[in-house]
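Here the structure comes first, spelled out in structure tokens, and everything after it is commentary.
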Amino acid sequence: MTSSAFARLTRLTCLTRSAFATLALSLWQPAFLPLDATHLGGLAQAQAVTASTRVTLSAVRPEALSWLWDNADEALLRGANADIRSFQWTLPPASPEHLGYSAGAAFQSQVAWGGALHRVAVAHVDPEQVRALVSSDNFLGSKPHNFVAQQVSVDGQSPFLVLVNYQSTGASHGDTVVQIQALQARDAAAAQAYLAHLRKTLLGLKPTLMAALNERYFNAVLKQRGFYSVGAVDKKLNVKLTVVQEIRGIDSQMLSWWWDHIGNTERYRLWQPIDHVSFEWALPPITPDLRYDVGAVQRVKEYVGKTALTLSITGADPQVFPPAADIVDPAWFHARADLTLLTGILPPNTLTHQWRPNARGDGVILTSTFANTALARIINPTFFDDLGSHALREFQMLPYFLPRLYKREHLHQ
């Protein structure tokens, strides 16, 4: 990873939201010097990196880190690292309900290392000020979320910049490799000690972070951005499930492009990092474009609730294989979905996604209709509720990665 030399560090100018927060900042945080963005254009000088470390977090997806930066709390952090004696937000994040970090958010903590208790003040740096230091893909969407940049001061000393970059790794893309750097620190020993502390904390979070992401984000936040309804069993022993949700941050063209370009397990897990397991084309689309190919077959493994299913999803012509609901929106995807091992034994299932621009013009309204055999309840009594939740948990993830893929690969930005 390369970076250009820094002239000065950014001055924290955000106003706190209470007198207590103002007092806390004055006691804990030094004056932050402004970062001159005009000096960020070239390649890094080797001496700009004061300290660095690298760690691989097994069974932790990158999205968990993107959630952590704005949602950390004392219980979560102290459970991961007993050296953390206290943690408090002095300027709470502006948008913790989204993956990625909020510029200007700040916290303070007391941390033990080297036989002493240290005061640590941290402020999130505006992503634009480190644009030259991270992948440009981070800026093809609405909120960068594959890195965090922070100004860190230890015991009231001059602050230094900490840059944390991360990405999925491993054969199933279920792990995360993290690169942590301290840049232009005057006190190299303090920077190295802080990076060691951060590394220890991330390793300590491994047993709990994915569970926290699942419950506190996917269930508590994403599932509230839409609704579903489960119909009665019909004469053919099918049950219709309808899911309606607004997805802000993507447009109709992006969603039309997605079906032919899911491509592999890495992308499939971007779509839903906990529920999705693997993806392959059993029969790839002949001409990947903005309209799915009839006859193309996706073979996926995913969890619906606690049940792991391997499905064959085959693009279908609604005139030949009728959907469970009328297609009324201008853009749509229609397919049959079968349990791979029971294809031809159980009745075929259908899924139909249709969408239109939302009223604000900043997203889409997606209506998904599933028709599945009621026999699914034998395998899982809560199958249809779990499937409704699954659809909300996966589609609400699209704004965090789809704009990047679409703009880079289709628009060549």
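The values are calculated or read from the model by the stated rules, or taken from the named source; none is laboratory data. Worth saying up front: this structure is predicted, and the values here are computed from it rather than measured. Cβ coordinates were reconstructed from backbone atoms using ideal geometry, including for glycine residues, and neighbour counts include every protein chain displayed.
Structure summary
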| read-out | value |
| --- | --- |
| Out of Trp332, Trp355, sole residue that is outside any loop (DSSP other than H, G, I, E, B), of a type outside the set (Lys, Arg) and touching a helix residue (DSSP H, G or I) at 6+ places or on another chain (Cβ under 7 Å) | Trp355 |
| Breaking point among (1) among the small types (Gly, Ala, Ser); (2) under 27 Å from Ser168 (Cβ atoms); (3) surrounded by 21 or more Cβ atoms within 10 Å (Cβ to Cβ), for Ser52 | (3) |
| Residue tally, condition crowded, with 22+ Cβ neighbours inside 10 Å and at pLDDT below 95, over segment 378-403 | 1 |
| Counted residues, segment 247-278 - those being of a type in the set (Asp, Glu) and over 18 Å from the mean Cα position of the chain (by Cα) | 2 |
| Candidate set: segment 93-125, residues that are surrounded by fewer than 16 Cβ atoms within 10 Å (Cβ to Cβ) and under 20 Å from the mean Cα position of the chain (by Cα); chosen: the one farthest from Leu213 (Cα to Cα) | Ala94 |
| Matching residues, segment 359-413, being over 23 Å from the mean Cα position of the chain (by Cα) and outside any loop (DSSP other than H, G, I, E, B) | Thr369, Phe370, Ala371, Asn372, Thr373, Ala376, Arg377, Ile378, Ile379, Phe383, Phe384, Asp385 |
| Count of residues meeting criterion [among the hydroxyl-bearing types (Ser, Thr, Tyr) and in contact with a strand residue (DSSP E or B) (Cβ under 9 Å, 6 or more places away or on another chain)] in segment 185-239 | 4 |
| Which numbered condition Val328 misses (of (1) modelled with pLDDT of 95 or more; (2) crowded, with 16+ Cβ neighbours inside 10 Å; (3) not hydroxyl-bearing (Ser, Thr, Tyr)) | (2) |
| Evaluation of Thr287 against (1) of a type in the set (S, T, N, Q); (2) closer than 20 Å to Thr367 by Cβ; (3) outside any helix (DSSP H, G or I) (one fails), failing number | (2) |
| Asp260 being under 23 Å from Val364 (Cβ atoms) and either surrounded by fewer than 18 Cβ atoms within 10 Å (Cβ to Cβ) or in contact with a helix residue (DSSP H, G or I) (Cβ under 9 Å, 6 or more places away or on another chain) (or both) | no |
